[in-house]
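One structure below.
What follows is calculated from the coordinates using simple rules that are stated; it is not laboratory data. This one's a predicted model, so the numbers in the text were calculated from it and none came from an experiment. Virtual Cβ from ideal backbone geometry, glycine too; neighbours counted across all protein chains shown.
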Amino acid sequence: MRISTSQFYAASLTGILNQQSTLSTLSAELSTGSTLVNPSDQPVAAAQNVTLTGQINRLATYTQNGQNAQNALQLESSTVQSVGTLVDQVRQLAVQMNNGTVSSQDLQNAASTMQGYAQQLAQYANTQDGQGNYIFAGSKSGTQPFNIQSNGSVQYQGDGGQNQLALGPSLQTAIGDPGSAVFMNARAGNGTFSVGASAANTGGATAGPGTVNNTALAQQILQVNGTQYQISFSGSGNTMSYAVTSGSGGVFSSGVVSSGAFTAGMSIGLPTSASPAITVPIVGTPSNGDTFTVGAAKLQSLFETFQSLAQAFTASAQASGSNAQRAQSISNALATLDQSQTNLLSTQANIGSRLQQIQAVQTQNSSLTLQLQTQQSQLTSINYPQVITDYQSSLTALQAAQKAFTQVQGLSLFQYL
């Protein structure tokens, strides 16, 4: 059989090119560590690899979201804890000032301290994260949530929404709490009702926060149509008596629902002394005509409570009944501070619950990511010893083919003439 020169060149070139192609593929596999250098060679494996990559990338996004949510909630938790510490400091100051031996200078110093506490509270309430977002602004994270007015009042300019981050295909978590819920929504008094003293009182009596004996009845008598009760005192010395009058919206009817003889330190039951839904302790001795008003506890912001204490500390200690008025204001503020502290603790518990959920989901996502990466590795990773052996064999074969081609190319009949 004859082999023409052109056939020889074509066959030799094809062999060399095939060896070069194999060597190139093996080289690419060694450099990438993957068997899918040419997806068209393994279309099924390539499609599976694309699916696995997409799943791993989605889990990476969820993992990053979880980390971001964790950072945001930890910042909020730390801030709420700082607010709780501040409330404890305010409470200690209020207890110190709640006695008749404090001087005017002591009260003035306490009022100045309250001003600083109020500014500190505003700073906590306007806390920003590392990206400049306000953590207590609700969904309006770019807006400063709390604005202190010239008269000392505070306006909330955020909203009641919560920003969410996805932790999974159908799982989201709130990464913050609106400032309205944290700082503005505590109930005054004991949380069910509050007691206020008339500004005209001249006696030395104060009303305690009171207790709830029958929650359902208390809600019925206090929170329907804004019903209020007035406790009034008459007489003097050992012949004092009290009367409880019911009404609504501050306009009291002339009907007396309960009355009796008063002794210092007694608790008065409402609406009647026979089966009271609530009881209000009266400490000290009132004067003839002194009155106290009992009504459903209203929402009171922590800023308002701080401001009420500052006002109580600046009140004159010389006017008749002023010590009792200050004591009443401080007593009411202390009760409301307890409600605010309970609200802060509830917020902390809620944050802790979300952090636990995030940690559990992060652990699950990490485990699932590892499983998918293992599957992808088994699908695409090369066997390095085998590929290196094949590479060396292919390189040797290429070199041999090139050398054979060169030697045969130099053959000529003229060499034998």
- [ ] Assuming a ≥ b ≥ c are the square roots of the Cα gyration tensor eigenvalues, decide whether the stretch 71-132 counts as rounded (a/c under 1.5), prolate (otherwise, with a/b larger than b/c) or oblate.
- [x] oblate
TODO: Quickly rank 132-140, 237-245 as a protection proxy: mean count of other C-beta atoms within 10 Å, highest first.
DONE: 132-140, 237-245
Open item on the list: Could you check the spin-label model distance between N147 and N99? Points 7 Å from the Cα along Cα→Cβ, value in nm.
Closed with: 4.4
Task: Kirkwood-based shape ratio for the stretch 119-213, expressed as Rg/Rh from alpha carbons - done: 1.17
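What full-extension length gain, to one decimal in nm, is calculated for A199 and T363 as 0.36 nm per residue of separation minus the Cα-Cα distance?
Extending this stretch completely gives an extra 53.0 nm.
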TODO: Could you calculate the FRET efficiency of D88 with L370 from 1/(1 + (r/R0)^6), where r is the beta carbon distance between them and R0 is 41 Å, rounded to 0.05?
DONE: 0.35
TODO: Beta carbons within 10 angstrom, averaged per residue: use that to sort the peptides 298-310, 270-282, highest first.
DONE: 298-310, 270-282
- [ ] With a point put 7 Å past each Cα toward its Cβ, work out how far T272 is from Q81 in nm, to one decimal.
- [x] 5.2
